[in-house]
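Q: The structure's right below; bear with me while I get my questions together.
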Amino acid sequence: MITLKKSDYEKIIQHAKANLPEEACGLIAGTETDGVKHIEEVYLLENTDHSNEHFNISPQDQLKAIKDMRAKGLIPLGNWHSHPETPSRPSEEDKRLFFDSKARYLILSLMEKDNPVLNAFIVENHTDVSKDDLEII
């Protein structure tokens with residue numbers, strides 16, 4: 001299970017909508033207690049590919065976010081990105097690029113602009129995808 005504050009959920013939606021028609025992206029960090037991951041910080045980063053079908057985060061932005069996480073005593077929990085025109089599920093490219101089974105991959109679908117859908121996923125071996133429980137608090 002993973003938890004996300006409502007204010008951070010809204011922050012992700014706003015950033016994703018502001019970056020349309022491109023995919024938006026970022027990192028998530030927080031804490032883990034008894035197997036539950038708690039997102040405490042959402043990083044809104046630039047999609048350096050400027051594409052509506054995939055995203056890339058610059059190494060410099062990743063490093064800056066990791067340094068900030070460490071300074072705040074947080075651990076990296078994974079990343080998030082938007083799908084401007086497709087459902088909230090990993091694409092074949094997402095599965096190919098998701099490599100850390102400990103990470104959570106949040107995908108926000110903006111297919112229906114007035115009804116965004118956010119889901120959390122676990123990917124193992126680049127092919128085994130399962131949905132994790134996501135609680136917005």
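The values are calculated or read from the model by the stated rules, or taken from the named source; none is laboratory data. Model, not experiment: these values are computed from the prediction. Please note: Cβ atoms are built from the backbone with ideal geometry, for glycine as well, and neighbour counts cover all protein chains shown. When the accessible area is computed, the model is the full protein with side chains, heavy atoms only, and any ligands, DNA or RNA have been set aside. Shrake-Rupley method; radii C 1.70, N 1.55, O 1.52, S 1.80 Å.
Q: Residues in segment 10-29 that are touching a Pro at 6+ places or on another chain (Cβ under 9 Å) and either under 17 Å from LEU77 (Cβ atoms) or surrounded by fewer than 14 Cβ atoms within 10 Å (Cβ to Cβ) (or both): how many? Quick ask: steps written out before the conclusion?
A: Just the residues of segment 10-29 that are touching a Pro at 6+ places or on another chain (Cβ under 9 Å), to begin with: 12-13, 16-17, 19-24, 27-29.
Right, trim to either under 17 Å from LEU77 (Cβ atoms) or surrounded by fewer than 14 Cβ atoms within 10 Å (Cβ to Cβ) (or both) and you get 12, 21, 27-29.
Final tally of qualifying residues: 5.
Q: Looking at segment 95-123 only, could you name the residues that are open to solvent by less than 30 Å² (accessible area, probe 1.4 Å) and among the aromatic types (Phe, Trp, Tyr)?
A: PHE98, TYR105, PHE121
Q: Which condition number in (1) surrounded by 13 or more Cβ atoms within 10 Å (Cβ to Cβ); (2) out of contact with any Cys (no Cβ under 7 Å at 6 or more places or on another chain) is the one that LEU45 fails?
A: (2)
Q: Looking at (1) of a type outside the set (Ser, Thr, Tyr); (2) more than 26 Å from GLU135 (Cβ to Cβ); (3) open to solvent by less than 70 Å² (accessible area, probe 1.4 Å), can you tell me which one GLN60 breaks?
A: It is condition (3) that GLN60 fails.
Q: Continuing with the same structure: Can you tell me which of (1) touching a His at 6+ places or on another chain (Cβ under 7 Å); (2) open to solvent by 70 Å² or more (accessible area, probe 1.4 Å) is the one ALA71 doesn't meet?
A: Just one mismatch for ALA71, condition (1).
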